[in-house]
Structure formats: structure tokens, C-alpha cells
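A.B. asks: First the structure, then my questions, so here it is.
Bear in mind these aren't lab numbers, they're just calculated from the coordinates by the rules spelled out. Owing to the predicted nature of the structure, the values given are computational and were not obtained by experimental measurement. Cβ placement follows ideal geometry from the backbone for every residue including glycine, while neighbour counts extend to all protein chains displayed.
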Amino acid sequence: LRRRRRDLEGLSMSILDDLPGIVSDALGDLFSDAVLTVTATGESDGQGGFLPGRDDPVTCKALVDKYSDYRHAAGIPATDRKIIVLAASLPAGIVPAVGGRICAQGRTWTIQRVDRDPASATYELQAR
């Protein structure tokens, strides 16, 4: 019984690991090309100061949508947009961050909030 449970646990982890790619393959045609700008971590200048990191653009797939009236009533400004980014379209180790920028559908947005779905297949960005 223990061996079978370990086999099943391994199977479920394998399915979860593959889910971002499965979602990307299934829904990728609905998403447009976008550019996420990631700011590299700054570094010390060796004299007690700090050198800011440089901006690195990375391509990804994103879908821009409006928030529902319910979400606007809950305090999200009417001008904010919900941008869904396919996690599998991002290079390994790249995660959207608050304060970052994303250019999608011909407009550059500043990221206000980042949520990740439980399967790590998508990121939901509140952008302004």
C-alpha cells in the first residue's frame, strides 16, 4: 500500500509539473505576444552606494481583459486591466513583479498586483 501511494504521489506531481505546458498548448492561440520588462537586481558600487539594475525585456503570451463590475465595486479602479500571462511562455525563473511593466495590445501597463494560480500555469496581473 505504501509503495502504491508513493507511485500515485509521483504521478500527481508529474501532472502538476506538466500543467503549465498543457494550458499553454490548449489556450496559447487566444493569447497575444507581449513584452514583460524585468528589472535586474541592482548591485553595490563598492563605495557604499547602490547601482540600479538594468531593464531586461522578455517576450511572453498575454491576454488583456476588463474587470467585472463586481470587482470595480470592490475597489479596483475602472481604468485597471486584468492581464493573464501564460507561465510557460516566460523564460525559466522569470516571474512578473509589482512595479514591473508589461506591453500588451499596443499599450504599456504598470503592474499593481500579481496572483498565481495554484497550478502555476498563469499569472493574473492587475495593471494600470
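A.B. asks: Across region 30-46, in residue order, what do the Karplus-derived ³J(HN,Hα) couplings come to in whole Hz, using 6.51 cos²θ - 1.76 cosθ + 1.60 with θ = phi - 60° and x for Gly and Pro?
C.D. replies: 7, 9, 9, 5, 9, 10, 9, 9, 10, 8, 5, 5, x, 9, 5, 8, x
A.B. asks: While we're here: Using a simple spin-label model with points 7 Å from Cα along the Cα→Cβ vector, what separation in nm is obtained for ALA73 and SER44?
C.D. replies: Result for the modelled spin labels: 5.4 nm.
A.B. asks: On to the next question. List every residue whose amide H lies under 5 Å from the amide H of ASP117, counting only residues 5 or more places away in sequence or on a different chain, with H placed 1.01 Å from N in the peptide plane.
C.D. replies: Here the answer is THR122, GLU124, since their amide H atoms fall under 5 Å of that of ASP117.
A.B. asks: Something else now. Which whole-Hz couplings ³J(HN,Hα) result when phi for each residue of region 112-122 is put into the Karplus expression 6.51 cos²θ - 1.76 cosθ + 1.60, θ = phi - 60°, listed in order with x for Gly and Pro?
C.D. replies: Here the 3J(HN,Hα) series is 9, 8, 10, 10, 10, 6, x, 8, 6, 8, 9 Hz.
A.B. asks: Taking amide H positions as placed 1.01 Å from N in the peptide plane, with prolines and chain starts having none, which residues 5 or more places from THR39, or on another chain, fall under 5 Å of its amide H?
C.D. replies: ASP56
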